[in-house]
Amino acid sequence: MTAQQKIGSLLETAVPAFSVEEARAVAQNIFELDAVVSELSGERDRNFHLRVNEAEHYVLKVSNAAEDPQVTDFQTKALLHVASVDASLPVPRVIRTCGGKTEWVLNRPGEESRIVRVLTFLQGNPLHRATSSVALRRSIGSHLARLDLALRDFSHPAANHELMWDLKHASRIRDLLVHIPDAAQRGLAEGFLDNFEAHVVPVLPRLRTQVIHNDLNPYNVLVSGDDPDRVAGIIDFGDMVQTPVINNLAIAAAYQPTSLDHPLAGVADLVAAYNALLPLEPGEIDILFDLIATRMVLTVGITGWRAARYPENRDYILRNNPQAWAGLQRFTLLSRAEAQAYLHRACQGEN
């Protein structure tokens with residue numbers, strides 16, 4: 001099996017078959033939750049919303065058959081660690097079974113075992129439905145820095161598992177770019193991937209690494225219904241991995257608006273707030289623009305490939321593509337040196 005096949009095997013496996021009725025039975029019999037159940041979207045896992053009453057909401061997650069149980073345990077242990085280090089950070093909390101376990105193993109005849117977990121369901125409006133503002137972008141940056149600080153000392157045997165969405169493996173998706181039908185768009189993506197290989201790959205061994213969330217996209221950030229400038233939740237820890245910590249900031253920045261007066265104006269608000277709590281090293285700032293663009297390339301490359309394989313889930317898989325293409329196009333207005341200088345000024349509070 002090639003490296004790309006190994007990393008992509010989880011993304012190539014369809015989400016597990018599991019009905020609302022089965023989810024309701026497991027919630028009641030295993031987790032002692034008598035709930036109204038509805039299905040939620042998911043890229044790899046099968047997810048269900050459990051509504052016990054107006055105040056109690058949960059998520060029941062049935063793991064993908066291709067996922068290593070150790071990776072699922074890694075995600076669970078990370079959430080437990082965050083809760084112990086920064087109890088006020090708005091992330092899901094782990095709900096235990098009636099026997100006190102953090103997970104339950106589903107065994108059905110003729111199928112591989114699957115891990116079932118229940119987490120608290122955080123209330124709030126998804127970021128993609130919120131109105132972007134300087135204050136909200138700063139809230140995202142500060143919450144992300146808090147999360148990185150909370151996970152700084154966390155370790156797990158599965159933390160170094162291989163994941164196609166891990167930015168340090170970006171070169172491995174080059175072959176997927178041939179599936180982009182538009183030649184101009186394909187060339188745009190290839191050019192930014194060339195920049196990643198020229199400027200980021202050589203310095204990867206020198207970067208600070210730790211466990212990170214790795215997927216702070218607009219569907220995984222919740223905004224307060226009472227205060228539209230405040231983050232109310234960070235959800236979906238399914239892409240967690242140990243990798244350069246600067247990647248986490250780059251990923252979040254890749255989903256900030258690029259249509260402002262300056263293509264990096266939205267990014268700068270987030271970066272400045274992050275840097276105020278968790279100072280960036282000069283070398284990290286130097287490659288941040290490259291990493292932001294590379295995340296956009298991963299978005300269009302991986303999701304286009306997956307949407308072709310799972311057309312029934314196409315709308316969900318491609319939900320972030322238009323913004324990524326628009327961002328890459330806007331980034332062509334900047335030279336790399338201009339982008340570096342702008343981000344250094346942002347960290348110094350000068351923009």
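The values are calculated or read from the model by the stated rules, or taken from the named source; none is laboratory data. Just so it is clear, the model here is predicted, and its values are computed rather than measured. Methodologically, a virtual Cβ is constructed for each residue, glycine included, from the backbone with ideal geometry; neighbour enumeration extends over all protein chains shown. Just the protein is used for accessible areas: all its heavy atoms, side chains included, with ligands, DNA and RNA removed. Shrake-Rupley method; radii C 1.70, N 1.55, O 1.52, S 1.80 Å.
Okay, here's what the table says:
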quantity: Helices (runs of 4 or more DSSP H) enclosed by the stretch 266-344 - at least 2 residues per element that are at pLDDT 95 or above; calculated: 282-309, 321-331
quantity: Among residues of the stretch 159-176, those that are in contact with an Asp or Glu (Cβ under 9 Å, 6 or more places away or on another chain) and crowded, with 19+ Cβ neighbours inside 10 Å, counted; calculated: 4
quantity: Criterion violated by Gln123 - all others in (1) modelled with pLDDT under 95; (2) more than 22 Å from Tyr58 (Cβ to Cβ) satisfied; calculated: (2)
quantity: Check on Thr258, in contact with a helix residue (DSSP H, G or I) (Cβ under 9 Å, 6 or more places away or on another chain), more than 14 Å from Ala145 (Cβ to Cβ), of a type in the set (S, T, N, Q) and in a helix (DSSP H, G or I); calculated: no
quantity: Contacts under 9 angstrom Cβ, first residue in the stretch 23-51 being more than 21 Å from Ala65 (Cβ to Cβ) and free of Cβ contacts under 8 Å to residues at least 12 places away in the same chain, partner crowded, with 19+ Cβ neighbours inside 10 Å and of a type in the set (A, V, I, L, M, F, W, C), 6 or more apart; calculated: Gln28/Ala35
quantity: Complete set of residues in the stretch 142-199 that are over 30 Å from Val91 (Cα atoms) and among the hydroxyl-bearing types (Ser, Thr, Tyr); calculated: Ser171
quantity: Within the stretch 167-203, considering residues that are β-branched (Val, Ile, Thr) and closer than 23 Å to Ser335 by Cβ, the one farthest from the chain's Cα centre (by Cα); calculated: Val203
quantity: Failed item, numbered, when Pro109 is tested on (1) of a type outside the set (A, V, I, L, M, F, W, C); (2) modelled with pLDDT of 95 or more; (3) open to solvent by 30 Å² or more (accessible area, probe 1.4 Å); calculated: (2)
quantity: Filter result for Asn195 (in contact with a Lys or Arg (Cβ under 9 Å, 6 or more places away or on another chain) and either over 24 Å from Thr209 (Cα atoms) or not hydrophobic (A, V, I, L, M, F, W, C) (or both)); calculated: yes
quantity: Selected residue (only one of Ser259, Ser224 is surrounded by fewer than 18 Cβ atoms within 10 Å (Cβ to Cβ) and either more than 22 Å from Val271 (Cα to Cα) or among the small types (Gly, Ala, Ser) (or both)); calculated: Ser259
quantity: The stretch 304-324: number of residues that are within 19 Å of Leu177 (Cα to Cα), open to solvent by 20 Å² or more (accessible area, probe 1.4 Å) and either free of Cβ contacts under 8 Å to residues at least 12 places away in the same chain or among the charged types (D, E, K, R) (or both); calculated: 5
quantity: Test: residue in the stretch 325-334 that is surrounded by fewer than 19 Cβ atoms within 10 Å (Cβ to Cβ) and β-branched (Val, Ile, Thr); calculated: yes
quantity: Long-range neighbours under 7 Å by Cβ, at least six apart or interchain, first residue without any contact (Cβ under 8 Å) to a residue 24 or more places away in the chain within the stretch 292-303, second hydrophobic (A, V, I, L, M, F, W, C); calculated: Thr303/Ile317; Thr303/Leu318
quantity: Filter result for His81 (open to solvent by 30 Å² or more (accessible area, probe 1.4 Å) and not hydrophobic (A, V, I, L, M, F, W, C)); calculated: yes
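Here's the yes/no breakdown for (1) farther than 27 Å from Thr299 by Cα; (2) exposed (fewer than 15 other Cβ atoms within 10 Å of the Cβ):
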{"site": "Lys77", "(1), (2)": "yes, no"}
{"site": "Ser88", "(1), (2)": "yes, yes"}
{"site": "Gln123", "(1), (2)": "no, yes"}
{"site": "Ser133", "(1), (2)": "no, yes"}
{"site": "Ile140", "(1), (2)": "no, no"}
{"site": "Leu144", "(1), (2)": "no, no"}
{"site": "Leu149", "(1), (2)": "no, no"}
